[in-house]
Amino acid sequence: MQRPRLTREGILRWLRESDEARLEALWNEADAVRRNTVGDAVHLRGLIEISNYCVRACAYCGLRAPNHALPRYRMSETEIMACAEKAASYGYGTVVLQSGEDCGIATDWMACVIRRIKAETPLAVTLSLGERSQEDLRVWRLAGADRYLLRFETSDVELYRRIHPARSGEQSDRIELLRMLRSLGYETGSGLMVGIPGQTFAGLADDIEIFGELELDMIGVGPYIPHPHTPLGSGEMAIGVAPEEQVPNTVLMACKVVALARLVCPEANIPSTTALATLDRREGHGLGLCRGANVLMPNLTPMPYRTLYEVYPDKGAIDVDSAENREQLRTRITALGRTLGAGPGGRRRAACRHSAPD
Ligand code: 5AD
């Protein structure tokens with residue numbers, strides 16, 4: 001049976017809902033839609049944090065260029081290839097190459113790394129390297145990159161401008177960039193932080209509607225976690241909204257957004273994020289998986305780099321360095337009544353609800 005489409009008012013009501021019994025209906029609905037669309041498989045994406053250099057000065061993020069307390073690193077091609085081989089040997093279908101917005105990542109160097117991963121492993125390659133030029137994105141797509149992740153964070157232009165200062169006077173338009181990524185043939189992912197100061201319930205409802213309008217293939221959402229070496233996390237910068245309008249940065253709110261993302265983009269791949277697990281180390285990942293998510297991202301970044309990729313403090317990353325940990329992860333997934341995903345686990349575009357006849 002066709003479900004009635006979720007309206008903006010419907011989204012807003014769920015965001016404000018506090019009755020646990022009624023919320024149970026949202027969790028059940030999101031879980032049912034997840035099961036009927038993407039099934040019970042939990043896909044594991046191996047996360048490789050290839051560089052923590054960043055030219056940006058985002059008010060919330062520990063990798064911001066003005067954070068001089070953070071030692072910087074950039075992994076070599078050999079180091080990245082070793083991680084990719086690990087991912088393949090663990091049976092993962094995808095690696096996610098993530099970094100700050102790092103001008104030191106040269107277009108051709110990156111293209112070469114992508115070509116090697118595609119030639120030497122069966123892995124799908126997801127890039128998450130920030131805002132890059134159309135030319136870079138085209139070259140990397142031609143080199144074989146399959147997917148690109150770029151969170152738009154907020155569609156509230158005024159809030160975006162405040163938390164994400166323009167570079168060389170030019171304000172970016174990430175929503176436009178996402179459309180461009182799609183037109184280049186990437187599977188396209190986006191998302192946001194839940195509960196960033198200045199985020200209102202109304203604004204968040206708009207953002208979730210936009211997930212649906214963009215027909216995203218992947219949606220990553222996690223709670224905002226204050227970082228003491230950032231203007232927003234240190235209290236040096238305050239963004240005031242009426243307290244009853246401010247979205248809280250809680251596990252519950254983040255779960256609501258995961259569930260609503262599943263309802264507006266039924267076929268999307270949705271991770272249960274590291275940020276969610278950071279706020280609730282015991283239950284976070286499981287809660288996300290039971291409330292709409294179908295992806296986990298074990299961290300393959302070698303030490304000590306992993307500790308230096310400090311977007312926020314005390315990251316609750318999934319550690320799969322030992323065979324025992326890998327077995328534990330498998331046990332946790334099967335205990336939820338789920339299976340381990342096999343293959344690259346891409347978006348099944350043919351089944352897209354909105355696919356236009358041409
Ligand atoms: N808390 C939670 N998530 C954060 N990110 C950046 N800083 C924080 C923070 N303090 C998220 C952003 C970014 C992604 C790489 O990490 O959404 O897109």
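Could you work out which residue, out of Glu131, Glu120, Glu153, moves most in a Gaussian network model of the chain, that is, has the largest mean-square fluctuation with Cα springs under 10 Å?
Top of the fluctuation ranking is Glu120.
Quick one: work out the % antiparallel among DSSP beta bridges in the chain, nearest 5.
If I count the DSSP bridges inside the chain, around 10 percent turn out antiparallel.
With the convex hull built on the Cα atoms of region 149-194, state its orientation-averaged projected area in nm².
It is 3.5 nm².
Beta carbons within 10 angstrom, averaged per residue: use that to sort the peptides 105-114, 87-96, highest first.
In decreasing order of mean packing, 105-114, 87-96 become 87-96, 105-114.
Going 7 Å from the Cα of Glu77 toward and past its Cβ, which residues in region 112-129 have a backbone nitrogen under 11 Å from where you end up?
Once the point is set 7 Å along Cα→Cβ of Glu77, 112-117 turn out to lie under 11 Å by backbone N, inside region 112-129.
In percent, how large is the relative contact order of the chain, given Cα pairs closer than 8 Å and 6 or more residues apart?
Dividing the mean separation by the residue count of the chain yields 23 percent.
Between region 64-112 and region 259-327, what is the C-alpha centre distance in whole Å?
Each part's Cα centre sits 18 Å from the other's.
Would you calculate the separation in nanometres between label points at Thr107 and Asn36, each defined as 7 Å from the Cα along the Cα-to-beta-carbon direction?
About 4.6 nm, to one decimal.
Given the C-alpha atoms of the chain, compute the convex hull and give its volume per residue in Å³.
138 Å³
Where in the chain are the DSSP H helices whose C-alpha atoms run 15 Å or more along the long axis and whose mean Kyte hydropathy is at least 0.5?
TM-like helix candidates: 201-214, 251-264.
7 Å from Cα along Cα→Cβ at both Gln328 and Thr250: what's the point-to-point distance in nm?
Inter-label distance under the simple model: 2.8 nm.
Among Pro228, Gln171, Ala145, which residue has its Cα positioned farthest towards the positive end of the charge dipole of the chain, with +1 placed on the Cβ of Lys and Arg, -1 on the Cβ of Asp and Glu, and the dipole taken about the Cα centre?
Checked the options; the winner is Ala145.
Could you tell me which GluC sites (Glu not before Pro) in region 241-310 are loop residues by DSSP with no more than 16 other beta carbons within 10 angstrom of their beta carbon?
Counting only loop positions with at most 16 other Cβ atoms within 10 Å, the GluC sites (Glu not before Pro) in region 241-310 are Glu244, Glu245, Glu283.
How high is the relative contact order of region 196-271, given as a whole-number percent (alpha carbon pairs under 8 Å, six or more residues apart)?
51 percent
Where a number appears in this text, it was derived from the coordinates with a stated rule and is not lab data. Since the model is a prediction, treat every value here as computed from it, not as a measurement. We place every Cβ from the backbone using ideal geometry, glycine too, and count neighbours over all the protein chains shown.
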